[in-house]
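Take a look at the structure below.
None of the figures in this text is laboratory data; all of them are computed from the coordinates on show. This one's a predicted model, so the numbers in the text were calculated from it and none came from an experiment. Cβ: placed from backbone, ideal geometry, glycine included. Neighbour counts: every protein chain shown.
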Amino acid sequence: MTEHDIFNGLLLAAFGLAAVVFVVLFFIAAPYGRHARRGWGPSLGSRLAWVVMEAPSPLLFGFLFLTGSNPVTAASVAFLILWEGHYLHRAFVYPFSLRGSAQRMPVSVVGMGIVFNLMNAYLNGRWLFHFSAGYGSGWLHDPRFIGGAVLFVAGYLINRRADLALRALRREGETGYRISGSFLHRLVSSPNYLGEIVIWTGWAVATWSLPGLAFAVWTVANLAPRARTNHRWYRATFPDYPPERKALLPGIW
């Protein structure tokens, strides 16, 4: 069995498992954040958990860039910057901006996150820098890259603003939840998830690749059910929760 066979097997598994995850998460809420609960084994503090879970992605992706067989071009560097810009922040900045650091995350959830991040970084990095035909510098002028990059940046800004709005609801040391009325929170319960979905949809378009598409599908499969669960939690917890607010898509759902 060659590495190419393994790569294709993992890619097929990614699409298949995304379908399973999508269904399961409508019935079982991942036990972290507001849905944390006992019965999932030992846990880590939320800050350490996020670092441990997210760090493998930028580290492996960077390694695959450095060891790839395709020529280094302006386009490949652009992909590196987009990926690392998101994941270095997610792994090494975002965790230390969290308030309510007494929260914990089950080691089992952290472990699943590590496995996914390693598989996802491998599929995307190995495709971009080795298995693909290469992305010449002219790819930067392709409408697919331009449109995808615009979506990526727009999603990143939505995600960051939503995270900052949630952070502003808590003082250091507080762990409770409040209703945000700022930015896209006026329209949906989980604009941070909406931003994340837009980011990786943009990535799929910009790379125009099956690994990129697999990541976008995984993101929807993971976050759409959780957005619905969050929405129901808000409605159950806060009797005055705005009735016009949707779960994930403004005015739709």
Top positive-direction residue, dipole computed over the chain with Cβ charges, set Phe15, Pro242, His141: Pro242
Only helices counted: for the chain, with every DSSP H run of 4 or more residues adding -39500 (n - 2.57) and the sum spread over all residues, [θ] at 222 nm is -20500 deg cm²/dmol
Run the numbers on the stretch 13-135 and let me know its relative contact order in percent, using alpha-carbon pairs under 8 Å that are six or more apart. 43
Around Val188, which amide H atoms from residues at least 5 apart in sequence, or from another chain, sit under 5 Å from its own amide H, with H modelled in the peptide plane? Lys246
With the crude spin-label approximation of a point 7 Å out along Cα→Cβ, what separation in nm comes out for Leu12 versus Ser108? 2.9
Can you give the local net charge around Pro243? Use residues other than it whose beta-carbon is closer than 15 angstrom to its beta-carbon, Lys and Arg +1, Asp and Glu -1. +3
Considering only the other residues whose Cβ falls under 11 Å of the Cβ of Phe183, what net charge follows from Lys and Arg at +1 and Asp and Glu at -1? +2
Label points 7 Å out from Cα along the Cβ direction at Leu210 and Arg232: separation in nm? 3.5
Could you work out the relative contact order of the stretch 3-237, using alpha carbon pairs under 8 angstrom and six or more residues apart, expressed as a whole percent? 27
Value of relative contact order over the stretch 101-205, rounded to a whole percent, pairs C-alpha under 8 Å and six or more apart: 36
Mind listing the phi-derived Karplus ³J(HN,Hα) values for the stretch 2-7, rounded to whole Hz, using 6.51, -1.76 and 1.60 with θ = phi - 60°, and x for any glycine or proline? 8, 4, 4, 5, 5, 4
Asp142, Asp240, Asp5 arranged by Cβ crowding within 10 Å, fewest neighbours leading: Asp240, Asp5, Asp142
So for the pair Leu48, Arg186, with labels modelled 7 Å out along Cα→Cβ, what separation do we get in nm? 4.2
Please determine, in degrees from 0 to 90 and to the nearest 10, the orientation of helix 56-67 with respect to the longest principal axis defined by the Cα atoms of the chain, where the helix direction is its Cα long axis. 10
Extension gain from Leu164 to Arg37, taking 0.36 nm per residue of separation minus the Cα-Cα distance: 43.2 nm
Skipping prolines and chain starts, which residues have an amide H placed within reach, meaning under 5 Å, of the one on Ser43, given they are 5 or more residues away or on another chain? Val107
Just to confirm the filter: which GluC sites (Glu not before Pro) across the stretch 163-253 are DSSP coil and have at most 11 other Cβ within 10 angstrom of their Cβ? Glu172, Glu244
Amide N of the stretch 182-219 lying under 15 Å from the label point, which is placed 7 angstrom from the Cα of Leu157 along Cα→Cβ: 183-184, 195-196, 198-199
Between Glu3 and Asp240, what FRET efficiency follows from the Cβ-Cβ distance if R0 is 41 Å, with the result rounded to 0.05? 0.15
Rounded to the nearest 20 debye, dipole of the chain from Cβ charges on Lys, Arg, Asp, Glu: 1120
Placing +1 on the Cβ of each Lys and Arg and -1 on the Cβ of each Asp and Glu in the chain, which of Gly68, Val109, Trp218 has its Cα farthest towards the positive end of the resulting dipole? Val109
Pick the calculated Cα Rg over 2.2 N^0.38 Å for this structure from [x] 1.59; [y] 1.03; [z] 0.98? [y]
